[in-house]
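Just so you know, all these numbers are worked out from the coordinates, no wet-lab data involved. Keep in mind it's a predicted model, so treat the numbers as computed, not measured. Please note: Cβ atoms are built from the backbone with ideal geometry, for glycine as well, and neighbour counts cover all protein chains shown.
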Amino acid sequence: MEKITDHIKYIGVNDKDLDLFESQYVIPNGISYNSYLIQDEKNVVMDTVDKRKTEEWMKNLEEALAGETVDYLVISHLEPDHSSNIALLCEKYPNMKLIGNNKTFAFLPQFFDIPNLAERKIEVKEGDEISTGTHVLKFYMAPMVHWPEVMVTYEEKNQILFTADGFGKFGALDVEEEWDCEARRYYFNIVGKYGVQVQALLKKAANLNIKMICPLHGPILKENLAYYINKYDIWSKYEPEEDGVLIAYASIYGNTAEAARKLAEILKKKGAKKVVLSDLAREDMAECIEDAFRYDKIVLAASSYNAGVFPPMEQFLKLIKAKNYQNRKIAIIENGTWAPSAAKTMIEIISEMKNITQIQPQVTIKTTANEENIKELEVLAENLLK
Ligand code: FEO
């Protein structure tokens, strides 16, 4: 069990055989459900874990407690990956109080029937403090990062911010991997829609001296915190993180894919620093969404279908739109044998996004790219690199 300080322990668990996180995201390296124990005159558990790992988590908790009891449970977030064991813990420690906010306690009965909840709950609001003896916990509301009841807790003595899903990452803790990629994929797919609310939380955090960030998923961040906070600032402002072109294609028989590859080749020949090709019909959609937000330019290449656009492209565009995709340059390549309709449908969806500039020319391929199309791709590549 990892010691975070002499009196704060990590009691979370790894989950490495879950097929899909939230029933939608592949997690090749698993995920961690983090939970912490603050040991003081009053012992505090910071969130529980998913019911898939109840036994292991309970063992960690009991081992860390070494016979002591739990006085408080802080509920940062009610999503079942963190809340599944609230009722069990209440049962096991009948004198334990639950710390949450008005929304936590509005939603909690939808999850569990907790006897005497009115007497057990401690409802906190923005800036409220609770002393546990030598530690003081201060609560800040973080609505919609990622649910309405989310709050973060600042532990003053060691200057630790417990950030709920914020600064979370896919990947179990015993896997060595770069933080950025799986943290970015986590952020844009799970919290991406709520950039404004993340900005609000970052502003609150800016007024605190923070030495350590303890999220509910992924590694505890102990060094170089400005790096991670800066990433969150860029992401939540919907600013591109890197110069690069994502060519996202949805191709039925491969002719549109061929044109996408051709454009990639031309771009590289013309000196593009970074070009990423994504097959929307086959690759992890969550990764494609992450890349859409990562780079400053995107080329959408799609076949026509049912007088609209091939569904993987429609799904992709609707998903990035729902996550407030904005402030980017886009280009469009459509394909259709008799009545190309992909571009019109793509533009309809894009027209509802903020601050999008279309780079010309718009390319229409009729089945396979002809010489004229290749010339258009050359011009498009030049304009993308301007
Ligand atoms: Fe990790 Fe929004 O729950």
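Observations, loosely collected:
- A Förster distance of 22 Å, applied to the separation of the beta-carbon atoms of E371 and A339, puts the FRET efficiency at 0.50.
- Close amide H partners of K121, meaning residues 5 or more places away or on another chain with modelled amide H under 5 Å apart, are L98.
- About the centre of its Cα atoms, the chain shows a dipole size close to 1240 debye [charges on the beta carbon of Lys, Arg (+1) and Asp, Glu (-1) only; nearest 20 debye].
- Within the chain, antiparallel bridges make up roughly 40 percent of the DSSP beta bridges whose residues both belong there.
- The order of T132, T357, T163, going from fewest to most other C-beta atoms within 10 Å of their C-beta, is T357, T132, T163.
- Divided by 2.2 N^0.38 Å, where N counts the residues, the Cα radius of gyration of region 315-386 comes to 1.18.
- Cut-off under 5 Å, modelled amide H: who pairs with Q358 long-range: I330
- Residue-averaged 222 nm ellipticity for the chain, from DSSP H runs of 4+ at -39500 (n - 2.57), nearest 500: -10000 deg cm²/dmol
- Spacing of the modelled spin labels on A226 and K211, each 7 Å from Cα toward Cβ, amounts to 1.9 nm.
- Listing S131, S351 from fewest to most neighbouring C-beta atoms within 10 Å gives S351, S131.
- Remark: relative contact order (the chain) = 11 percent; criterion is Cα-Cα distance under 8 angstrom and separation of 6 or more residues.
- Convex hull projection area averaged over all views, region 13-52, Cα basis, nm²: 3.2
- For region 144-280, the C-alpha radius of gyration divided by 2.2 N^0.38 Å, with N the number of residues, is 1.30.
- Count of lysine pairs in region 4-132 with Cα separation under 21 Å (8 or more residues apart, or interchain): 25
- Think of region 339-386 as a dipole: +1 on every Lys or Arg Cβ, -1 on every Asp or Glu Cβ, centred on the Cα centre; then among N383, M346, T368, M346 lies furthest on the positive end.
- Positive dipole terminus of the chain, leading residue within G127, I114, Y249 (C-beta point charges): Y249
- A Cβ-based charge dipole, computed about the Cα centre of region 8-236 with Lys and Arg at +1 and Asp and Glu at -1, lands at about 600 debye.
- Put simply, the Cα atoms of region 205-248 extend 39, 23, 16 Å along their principal axes, the longest span coming first.
- Stretching the chain fully between D19 and S351 yields a gain of 116.0 nm (0.36 nm per residue, less the alpha carbon separation).
- Listed by chain and number, the lysines placed with their C-alpha closer than 21 angstrom to that of K262 are K270, K273, K274, K297, K329, K366, K375, K386; residues fewer than eight positions away on the same chain are left out.
- Residues R184, R282, R120, ranked from the fewest to the most other C-beta atoms within 10 Å, line up as R282, R120, R184.
- Distant-in-sequence amide H partners of N43 (H built 1.01 Å from N, under 5 Å): D71, Y72
- Distance in nm between pseudo-label sites at E241 and D128 (7 Å out along the Cβ direction from Cα): 3.6
- Each 10 Å bin from zero up to the one holding the largest Cα-Cα distance in region 242-385 carries the following percent of pairs: 13, 49, 35, 3.
- In this calculation the C-beta distance from V136 to E382 is compared with R0 = 51 Å, giving a FRET efficiency of 0.30.
- In plain terms, the bigger the Kirkwood radius, the slower the diffusion; for the chain, with that radius from Cα pairs, at 10 °C and 1.306 mPa s, Stokes-Einstein puts D at 70 µm²/s.
- Dipole of the chain, positive direction: furthest Cα of N224, F188, S32, with charges on the beta-carbon: F188
- Of all aspartates and glutamates in the structure, those lying under 12 Å Cα to Cα from K138, and not within fewer than 8 positions of it along the same chain, are E126, D128, E129, E155, E156.
- Cβ-Cβ distance of K51 and D284, R₀ of 25 Å, FRET efficiency by 1/(1 + (r/R0)^6): the value works out to about 0.45.
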